[in-house]
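The values are calculated or read from the model by the stated rules, or taken from the named source; none is laboratory data. Being a predicted model, the structure only gives us computed values, none of them experimental. For neighbour counting, all protein chains shown are included, and Cβ atoms are generated from backbone atoms with ideal geometry for every residue, glycine included. For the accessible areas, the whole protein counts, side chains as well, though only heavy atoms, and no ligand, DNA or RNA atoms are used. Shrake-Rupley method; radii C 1.70, N 1.55, O 1.52, S 1.80 Å.
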Amino acid sequence: MAVVGRIVRTHGLRGQVVVNPETDFLEERFQPGAELYVERDGTVEPLTIAHVRFQQQRPIVGFAGIGTIGAAEPLAGLELRVPADRLAALPVGTFYRHDLVGCRVETRTGELVGTVREVEVTLAGSRLVVAAAVGDVLIPLASEICPVIDPAAKRIVIDPPEGLLELNARP
């Protein structure tokens, strides 16, 4: 299953929640009738969106059967997921974050840098967080730096500018 958002907190007294989206398809994912899934205590549960509105690019969601703040509070902190087979096909050269996590990162010369631990998205752009021997290394997700991205082979080849790997190492 792919993460499409995280429930941040409750909103109001009627069981609504604020969601930090982790998808580029807000209107598609967060619409009345859409089914999302959460995992609680090792059990996957479906939640159906009853109503939604957007406030500052974040969905405020009400789920069917959750009508009070007390019923909504246990949802805070949970990830909202959808089955991977329900994800939209992406244009060539674009990838879902979960496709990149776990990829081996190496230089053009074959030197192992590490493994993608997560993909961070900021206003400035996306970057790979690579678990390396020297700690986490941040690598901008740009075609000039990452010329080969092959999620099927779980492999990313990078051509980093001089000093990038040493500069970004975080212990």
>> So for the range 1-140, averaging the separation of alpha carbon pairs under 8 Å that are six or more residues apart and normalising by length, what relative contact order in percent results?
In response: 21
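With only Lys, Arg, Asp and Glu charged, each at its Cβ (+1 for the first two, -1 for the last two), find how big the charge dipole of the chain is about the Cα centre; round to the nearest 20 debye.
That gives the chain a dipole magnitude of about 440 debye.
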> In the chain, what percent of the accessible surface is made up of carbon and sulfur (1.4 Å probe, ligands and nucleic acids excluded)?
Replying inline: 52
> Out of [x] 17.8; [y] 17.1; [z] 19.4, which label holds the value of Kirkwood radius over Cα pairs in Å that was computed here?
Replying inline: [x]
> Once every DSSP H run of n ≥ 4 in the chain is given -39500 (n - 2.57) and the sum is divided by its residues, what mean residue ellipticity at 222 nm do you get, rounded to the nearest 500 deg cm²/dmol?
Replying inline: -1500 deg cm²/dmol
>> I'd like the Karplus ³J(HN,Hα) series for the range 134-148: coefficients 6.51, -1.76, 1.60, θ = phi - 60°, whole numbers in Hz, and an x wherever there's a Gly or Pro.
In response: 8, x, 5, 10, 9, 10, x, 8, 10, 4, 5, 9, 10, x, 10
> For the chain, which span is the longest to avoid every loop-located (per DSSP) member of GluC sites (Glu not before Pro) having at most 10 other Cβ atoms inside 10 Å?
Replying inline: 1-110
> What are the residues whose amide H is under 5 Å from the amide H of Ser126, where those residues sit 5 or more places off or on another chain and H is modelled from the backbone?
Replying inline: Leu141
>> Apply the Karplus curve 6.51 cos²θ - 1.76 cosθ + 1.60, θ = phi - 60°, to the phi angles in the range 5-17 and return the couplings in whole Hz, x for Gly and Pro.
In response: x, 10, 6, 8, 6, 6, 9, x, 9, 9, x, 7, 10
